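Visitor: Once you've had a glance at the structure underneath, I'll fire off some questions.
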Amino acid sequence: MDFSSTPLFLAIPAITERLFAAQEVTFQVLNPDLAPGFYAGEQVVIGENTYLHHPLRVWLDLADRLECYMRVPERADPLLSITFQKKEPRKRDRTPSGDTEKYGAESEFQRIHKLEEPYFLLDMLEALRSLKLPSDARILDLGVNSGEELHLLDLAYPQNTFEVLGIDHSESALELAKSRFPGYLFLAADINALPADLGQFDLILSIGTLQSANIEVEPVFRRLLKHVKPAGHWILVFPNCRYSAGEISYGARMVNYRDPELSLLFKDVTFFRRYFQKHRYTTTITGKYEVVVTARSLQGV
């Protein structure tokens, strides 16, 4: 199929029909390298032929929404040959959310490396650096799991020596974290019932934890308020994606929804943003696959 001069809204039905019949489709499009700076759908004249430009991102996004792998395109100027292949149906993880080893050392979750995702890596570094943490800052990481994201602290503040406490309910994941960061402290505990003697912190960090089904978000947050210093800060990260079949797919999903459904994500982000703005924090919301809520205290400024 040749879609090199076909609008996307006409190409999609043909692609989906072929996928339904054969689970794989190959089609030709204009090589986007031949039209840098053009927007999707703009006409490009090459010799006597007129084509429609589509950045490679368009086909990657379409593959994602159609739940397909997109193979590396084959080039035959002025065209590219693109192949979509349907993924195997996603098997729902039926491990109870209260199972402490659902995200343990032997779980599928350990295959995911968020620091290899450019948006997450760069947004988190920007958020951390914006806080201008003191060299001896105390940091609490809720839902630290195996601790891989703690490398962000070294990247953002290579000269600093922080006091870090990581809390998670998976003891096997914490063993991995201890091996990675022997100088930090790690505690196995239920986030819904945190110990009262944690003390206060310059930064409370939580990556993809407060939206978990077994977390009572508002009660947990209100109990955390006594553990942040008056001039302390927050970074809360909420997933806006799902990891499946080796790839990241955009958009938060609700149970029994195939396509992104963002209402719960917006509800949680709005709750925290409103609180922070009422209590003398400047708040920024960044991210794509992970929504990063950064709250910087104005006390002491």
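Visitor: Tell me, what is the FRET efficiency for N192 and T83 to the nearest 0.05, using R0 = 41 angstrom and their Cβ-Cβ distance as r? Present the calculation step by step, with values, prior to reporting the outcome.
Guide: On the way: r = 47 Å, r/R0 = 1.14.
Step by step, r from the Cβ atoms, then E = 0.30.
Visitor: Please report, as a whole percent, how much of the solvent-accessible surface of the range 102-179 comes from carbon and sulfur atoms (probe radius 1.4 Å). Let's see the in-between values first.
Guide: On the way: 1880 of 3800 Å².
With neighbouring chains kept in place, the figure for the range 102-179 is 49 percent.
Visitor: Work out, step by step, the length gained on full extension between E116 and I12: first 0.36 nm times the residue separation, then minus their alpha carbon distance; give nm to one decimal.
Guide: Numbers: separation 104, 0.36 × 104 = 37.44 nm, distance 3.04 nm.
Length difference between fully extended and current span is 34.4 nm.
Visitor: Can you list which of the trypsin sites (Lys or Arg not before Pro) found in the range 92-155 are DSSP loop residues with at most 14 other C-beta atoms within 10 Å?
Guide: Numbers: sites: R92, R94, K102, R111, K114, R129, K132, R138; in loops: R92, R94, K102, K132.
Those that pass, being in a loop and sparsely packed, are R92, R94, K132.
Visitor: Step through the table entries K132/K278; K226/K288; K132/K226; K114/K178; K87/K114, compare each Cα-Cα distance with 25 Å, and write down the pairs that go over it. Mind showing how you got there, number by number?
Guide: Values: K132/K278 22 Å; K226/K288 31 Å; K132/K226 22 Å; K114/K178 19 Å; K87/K114 22 Å.
With Cα atoms farther than 25 Å apart: K226/K288.
Visitor: Could I ask something else about it? Multiplying the sequence separation of Q200 and Q159 by 0.36 nm and subtracting their Cα-Cα distance, what value in nm do you get? All intermediate terms of the calculation are to be shown ahead of the outcome.
Guide: Values: separation 41, 0.36 × 41 = 14.76 nm, distance 2.26 nm.
Roughly 12.5 nm would be gained on extension.
Visitor: Based on the Cα atoms of the range 15-66, what semi-axes does the equivalent ellipsoid have, where each is the square root of 5 times one gyration tensor eigenvalue, given in whole Å with the largest first?
Guide: Details: eigenvalues 120, 35, 12 Å².
The three semi-axes for the range 15-66 are 25, 13, 8 Å.
Visitor: Please compute the per residue accessible area over the chain with all protein chains in place, 1.4 Å probe, rounded to a whole number of Å².
Guide: Accessible area per residue: 54 Å².
Visitor: What length, rounded to one decimal in nm, is gained on full extension from F266 through to E24, with 0.36 nm per residue of separation minus their alpha-carbon distance? Could you put the intermediate results ahead of the total?
Guide: Numbers: separation 242, 0.36 × 242 = 87.12 nm, distance 3.51 nm.
Extra length available between F266 and E24 comes to 83.6 nm.
Visitor: Sum -39500 (n - 2.57) across every DSSP H segment of at least 4 residues in the chain, then divide by the residue count to get the 222 nm mean residue ellipticity, nearest 500. Could you put the intermediate results ahead of the total?
Guide: On the way: 7 runs with 78 residues, N = 301.
Helix-only estimate at 222 nm: -8000 deg cm²/dmol.
Visitor: Only bridges whose two residues both fall in the chain count here: according to DSSP, what percent of them are antiparallel, nearest 5? Could you put the intermediate results ahead of the total?
Guide: Numbers: 34 of 54 bridges.
Counting only bridges with both partners in the chain, antiparallel ones make up about 65 percent.
The values are calculated or read from the model by the stated rules, or taken from the named source; none is laboratory data. From a predicted model like this one, the values you see are computed outputs, not experimental measurements. Neighbour counts run over all protein chains shown; Cβ positions are idealised from the backbone, glycine included. When the accessible area is computed, the model is the full protein with side chains, heavy atoms only, and any ligands, DNA or RNA have been set aside. Shrake-Rupley method; radii C 1.70, N 1.55, O 1.52, S 1.80 Å.
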